[in-house]
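Undergrad: Have a look at this one.
The values are calculated or read from the model by the stated rules, or taken from the named source; none is laboratory data. Treat the numbers as computed from the prediction; the structure is a model and nothing was measured. Glycine gets a Cβ as well: all are built from the backbone with ideal geometry, and neighbour counts include every protein chain shown.
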Protein chains: 2
Amino acid sequence: MKQFLSRSSSLTTLQRRFAHLNILRNSSFATLTDKDITQFESLLGPNGILTGDAVEPHNSDWTKKYHGHSKLVLKPKTTEEVSAILRICDDKRLAIVPQGGNTGLVGGSQPVFDEIVLNFSRMNQIIDFDESYGIITCEAGCILQDLHTYLNAKGYLMPLDLGAKGSCQIGGNLATNAGGIHFIKYNSLHANCVGLEAVVPGGRVLDNITTLRKDNTGYDLKHLFIGAEGTLGAITKCAILCPPLPKFRHLCLVSCRSFEQVLKILRSAKHELSDILQAVEFMDGNAMETTLSQLNFKNPFESRLYPFYALVEVASNREGTETPDRLYELLGSADDLIIEGVVAQDETQLSHIWQIREEIASAYIKRGYTLKYDLSLAPEHFYKIVDDTRDVISRSPTFTANEKHSIAVTGYGHIGDGNVHLNVCIPGYDDHDLQDRLSGLVDGYVFEYVRKARGSVSAEHGVGLQKAQYLNYSKSENMIHYMKEIKRVFDPHGIMNPYKVLPDAK
Amino acid sequence: MKQFLSRSSSLTTLQRRFAHLNILRNSSFATLTDKDITQFESLLGPNGILTGDAVEPHNSDWTKKYHGHSKLVLKPKTTEEVSAILRICDDKRLAIVPQGGNTGLVGGSQPVFDEIVLNFSRMNQIIDFDESYGIITCEAGCILQDLHTYLNAKGYLMPLDLGAKGSCQIGGNLATNAGGIHFIKYNSLHANCVGLEAVVPGGRVLDNITTLRKDNTGYDLKHLFIGAEGTLGAITKCAILCPPLPKFRHLCLVSCRSFEQVLKILRSAKHELSDILQAVEFMDGNAMETTLSQLNFKNPFESRLYPFYALVEVASNREGTETPDRLYELLGSADDLIIEGVVAQDETQLSHIWQIREEIASAYIKRGYTLKYDLSLAPEHFYKIVDDTRDVISRSPTFTANEKHSIAVTGYGHIGDGNVHLNVCIPGYDDHDLQDRLSGLVDGYVFEYVRKARGSVSAEHGVGLQKAQYLNYSKSENMIHYMKEIKRVFDPHGIMNPYKVLPDAK
């Protein structure tokens, strides 16, 4: 038998970064053996597994916050292989974590201890595009950008668009119910996923792949898997309703002195432009400044920086001046709210402005260790939580004056949907003591604020590992009771993505 | 103690109309006693219950196909009362059927035997309208038309519109995941219901009422209740995302010689008008003729009748000629496909044309006993099933020549979403023998056709009693297995709307 596991790879150490979460490895799970690995290799072939150093990229996330200890990555090519894997794992009590593009922000797709990683990169086939309804059917490992490229050539686009589109996979998008910049126009994946295939522990395949637009036969189980973050089963295929590609897009970026002015522009845009409104996004001055400086982007307003920015995009299928005229009319009527505005004059300018907005997350990660909060809040709380968090840090005796000076607090996000991304960033990744003190203060403060404001502690990123202990801040005891019952139905041994979402479901 | 139940009201007879379904009353259910009724009366007050003759309208449906034997209607006013009712019913094993406006078509909201009827007509309050996202929060008993009227005054509309809107209730719409004429524009209730409150057997309240647009904290349980037809619990409140009311609507009705010509117009409309397309509906010549004659409507084409008709509606918020021009352009480019067309010149004409389409179902029910099938099918099967059903009947030795002549077979529906309503109608309601022979032939033929064509036996009406035995024609064994498991989680004693959707779930 081949030796895959070195003797030194013991699993006794709970990694430092999760110490405050008090997670213990579930002792009912088996520990992977060479015999197990041989069995998986004979199932998937030598290209179907990764061991040793090749596993490492799958143990960590791109924000450098989550680090697992998996010894094995499985790369199935078919639903049947996923089914066989989940039958073996369930039989042997081997825990497993499905991982898409690994672009999540809440530790949902990394192993915590020695869970096997279920990787979908070899399940990346587009199966069909149904022109009569605009429905694409594909495997879970398709990269979102690849789906956009394929659809654009046919005059369609994916209803979902987000900064990580070059790496994230549609299966992961579905598992986390990702939102993104076009949510205001095209709604959620619950709205646009018309068919789904998933495999559950024990290996049963739930085949609900269909291109029917309407199907009211029994409970719509696919919605359970959308947003379950791989804790109920693994999504293997999907059918997504795709809107026609708007032929003409017009984008403006405006700057404002106060957040209230941004809100007024938002209200006007929703009211006046609703039928052509494609996106309304927000960023504060810190987000703009950090993105420009970290990524060397050109400032659309030359060297001038402002406290608040809003992006408004409209689109239509019709050439002519009506659509841009309506955008200009909105800007004209909001003249007293806007310090300065630009309207993209061509695709290059449009892409440049979008790039600034979409790369904010990357810019902060480049700057250093970043606490990331993804919150749904009513308009009156949307930016107040950013101001208040900044205030709490500046008044805290926990930090030195220099430390306070180095901590950046920013708010940006999908203001049209009430979804703010609050980021708190310290330069570099080495000061673990400061990282712990910062998260110790801010985590509790932010989640408690959201609970009181009746918001959601996860608007679009999911719960993952980060927010599992805060689930009851947004969901009632009765709701959580039934979530646990449903977890038990699909995953009685708790092997699917353990420690996440409902850590004490067993 | 008051005497509510007469001694003669025994429950030994299974009503004739369900004889072919072979349903037996579940013997684990208790039989209602006067003591039970007194308990409910003391809970809800004298206006909170109906007994005796007042129950009868709740025992039958408007198509005169389903007749139950309930002795008691409960009319709670609050969620707390619903909770108390479902605690009592679960404790005593009293079966109960939630009933909204009782406008369903599949026997989903009528009792089969002596189930208590849970009526929502006193829970009809609009709780809130959130202008920032256009979200209405209301109780389950609100009538759809009332919600439209309330919202229209604020410049919004419900995303759902259907012929029964004057009677149907939003709770029933959600429980059946009703589709309707604007599905192509605004998508399903899974897409538009952002918050839901439901009460499950035992009385637990699942409060997920929220006006947040995004909330990814845990499994999205509300989707289980949307389309569960009251078999998991009773929906008590909801929050629905409402689109702005399009200010200007333009509607055309065209007639065609062949169904293929209708399909070509549909494809052009979807391709050219996608951003302004509000509805694409279809009806055949028999539907037009029957509706005009039964309801004395004026023929938009004077006395001329054609084999096929399509309605195309576009809408925008912008006055001016662009939107109607695009509709006229479409009609111009489809000139060789159209025999004759009319464009509504004002609101009266627009309403008149819509009324014809929306009253087809009523017209057939007025004509007589109607088998109603609500199917999702690919375009190539959409009308073929109508032709084939007509053919099967005409070739069948089961019917006399006179009977064949009296049977009307029609197809109409939401062609933009692939949803055909196949109706088979015989004049009057008295010939029970012919009714049985007809359903005996057509039920099996139609559902088998749909199974082979990989369609859905229920596009938007639900499963109810009518299609419970055909669920496996559209859903796999594994899917049905987990549906039953979920039924068991929420309703372990099977008291919620028994005999429907998953009749052997216990």
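Undergrad: Can you tell me which residue in segment A:480-504 is farthest from the other protein chains (Cβ to nearest Cβ), limited to those that are out of contact with any helix residue (DSSP H, G or I) (no Cβ under 9 Å at 6 or more places or on another chain) and not in a loop (DSSP other than H, G, I, E, B)?
TA: A:Lys484
Undergrad: Look at segment A:312-339 and say how many of its residues are at pLDDT below 90 and either among the polar types (S, T, N, Q) or out of contact with any Asp or Glu (no Cβ under 8 Å at 6 or more places or on another chain) (or both).
TA: Total meeting the criteria: 5.
Undergrad: While we're here: Quick test of your reading of the structure: B:Ile143 fulfils all but one of (1) farther than 19 Å from B:Thr210 by Cα; (2) in contact (Cβ under 8 Å) with a residue 60 or more places away in the chain; (3) under 18 Å from the mean Cα position of the chain (by Cα). Name the failing condition by number.
TA: So B:Ile143 meets the others, but not (2).
Undergrad: Take the residues of segment A:459-488 that are without any contact (Cβ under 8 Å) to a residue 12 or more places away in the chain and closer than 14 Å to A:Leu232 by Cα: which is surrounded by the most Cβ atoms within 10 Å (Cβ to Cβ)?
TA: A:Tyr482
Undergrad: Tally time: how many residues in segment B:193-207 are surrounded by fewer than 24 Cβ atoms within 10 Å (Cβ to Cβ), within 8 Å of chain A (Cβ to nearest Cβ) and in a strand (DSSP E or B)?
TA: Residues in segment B:193-207 being surrounded by fewer than 24 Cβ atoms within 10 Å (Cβ to Cβ), within 8 Å of chain A (Cβ to nearest Cβ) and in a strand (DSSP E or B): 2 in total.
Undergrad: Given the conditions (1) of a type outside the set (S, T, N, Q); (2) within 14 Å of another protein chain (Cβ to nearest Cβ); (3) surrounded by fewer than 20 Cβ atoms within 10 Å (Cβ to Cβ), and given that A:Ile126 satisfies all but one, which numbered condition is not satisfied?
TA: (2)
Undergrad: Further question on the same structure: Take A:Glu322 and tell me if it is more than 20 Å from A:Gly411 (Cα to Cα) and either surrounded by fewer than 18 Cβ atoms within 10 Å (Cβ to Cβ) or more than 14 Å from chain B (Cβ to nearest Cβ) (or both).
TA: Yes: the conditions hold for A:Glu322.
Undergrad: Restricting attention to segment A:227-249, which residues are assigned to a loop (DSSP other than H, G, I, E, B), surrounded by fewer than 24 Cβ atoms within 10 Å (Cβ to Cβ) and either more than 23 Å from the chain's Cα centre (by Cα) or within 7 Å of another protein chain (Cβ to nearest Cβ) (or both)?
TA: Across segment A:227-249, the qualifying residues are A:Leu245, A:Pro246, A:Lys247.
For every residue, the table says whether it meets (1) among the acidic types (Asp, Glu); (2) part of a loop (DSSP other than H, G, I, E, B).
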| position | (1), (2) |
| --- | --- |
| A:Lys64 | no, yes |
| A:Asp90 | yes, no |
| A:Leu105 | no, yes |
| A:Ile127 | no, no |
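Undergrad: When you check B:Gly218 against the structure, is it at the interface with chain A (Cβ under 8 Å from one of its Cβ atoms), in a loop (DSSP other than H, G, I, E, B) and within 19 Å of the chain's Cα centre (by Cα), yes or no?
TA: no
Undergrad: Identify, from the list A:Glu380, A:Glu448, the residue that is under 30 Å from B:Gly195 (Cα atoms), within 12 Å of another protein chain (Cβ to nearest Cβ) and assigned to a helix (DSSP H, G or I).
TA: That would be A:Glu380, the only listed residue that is under 30 Å from B:Gly195 (Cα atoms), within 12 Å of another protein chain (Cβ to nearest Cβ) and assigned to a helix (DSSP H, G or I).
Undergrad: For segment B:332-377, which residues satisfy the criterion of being among the β-branched types (Val, Ile, Thr) and assigned to a helix (DSSP H, G or I)?
TA: Answer for segment B:332-377, where residues must be among the β-branched types (Val, Ile, Thr) and assigned to a helix (DSSP H, G or I): B:Thr348, B:Ile353, B:Ile356, B:Ile360, B:Ile365.
Undergrad: Within segment B:397-411, take every residue that is surrounded by 16 or more Cβ atoms within 10 Å (Cβ to Cβ) and assigned to a loop (DSSP other than H, G, I, E, B) and give me the one that is farthest from the other protein chains (Cβ to nearest Cβ).
TA: Once the filter is applied, the top-ranked residue is B:Phe399.
Undergrad: To continue, here is another question. Kindly evaluate B:Asn177 against the criterion of being assigned to a helix (DSSP H, G or I) and buried (at least 21 other Cβ atoms within 10 Å of the Cβ).
TA: Answer is no for this residue.
Undergrad: Next up: Do we have any residue at all in segment A:111-120 that's of a type in the set (Phe, Trp, Tyr), over 20 Å from A:Leu232 (Cα atoms) and surrounded by fewer than 24 Cβ atoms within 10 Å (Cβ to Cβ)?
TA: There is no residue in segment A:111-120 that is of a type in the set (Phe, Trp, Tyr), over 20 Å from A:Leu232 (Cα atoms) and surrounded by fewer than 24 Cβ atoms within 10 Å (Cβ to Cβ).
Undergrad: Moving on. If we keep just the residues of segment A:147-192 that are within 15 Å of the chain's Cα centre (by Cα) and at positive phi, which is nearest to the other protein chains (Cβ to nearest Cβ)?
TA: A:Asn177
Undergrad: Going by what's in this entry, would A:Ile426 be described as within 26 Å of A:Tyr369 (Cβ to Cβ) and either among the hydrophobic types (A, V, I, L, M, F, W, C) or at pLDDT below 95 (or both)?
TA: In short, yes.
Undergrad: Right, next: In segment A:415-430, which residue that is in contact (Cβ under 8 Å) with a residue 60 or more places away in the chain and not in a strand (DSSP E or B) is farthest from the other protein chains (Cβ to nearest Cβ)?
TA: Across segment A:415-430, the extreme among qualifying residues is A:Tyr429.
Undergrad: Now for a different question. Give segment A:331-353 a look and list any residue that's surrounded by 14 or more Cβ atoms within 10 Å (Cβ to Cβ) and out of contact with any strand residue (DSSP E or B) (no Cβ under 7 Å at 6 or more places or on another chain), or say none.
TA: Across segment A:331-353, the qualifying residues are A:Ala334, A:Gln349, A:His352.
Undergrad: Could you tell me whether any residue of segment A:209-220 is more than 26 Å from B:Val501 (Cβ to Cβ), modelled with pLDDT under 95, surrounded by fewer than 23 Cβ atoms within 10 Å (Cβ to Cβ) and touching an Asp or Glu at 6+ places or on another chain (Cβ under 8 Å)?
TA: Checked against the condition, which is being more than 26 Å from B:Val501 (Cβ to Cβ), modelled with pLDDT under 95, surrounded by fewer than 23 Cβ atoms within 10 Å (Cβ to Cβ) and touching an Asp or Glu at 6+ places or on another chain (Cβ under 8 Å), segment A:209-220 yields no hits at all.
Undergrad: A further question follows. Please go through (1) part of a helix (DSSP H, G or I); (2) surrounded by fewer than 24 Cβ atoms within 10 Å (Cβ to Cβ); (3) within 8 Å of chain A (Cβ to nearest Cβ) for B:Leu224 and return the number of the only condition it doesn't satisfy.
TA: Unmet condition: (2).
Undergrad: While we're looking at this one, here's another question. Could you list, in sequence order, the residues of segment B:68-84 that are closer than 15 Å to B:Glu56 by Cβ and either part of a loop (DSSP other than H, G, I, E, B) or not assigned by TED's automatic domain parsing to the domain that holds B:Ile37 (or both)?
TA: B:Gly68, B:His69, B:Ser70, B:Lys71, B:Leu72
Undergrad: Mind listing whichever residues of segment B:462-471 are in a helix (DSSP H, G or I) and either modelled with pLDDT of 95 or more or more than 9 Å from chain A (Cβ to nearest Cβ) (or both)?
TA: B:Ala468, B:Gln469
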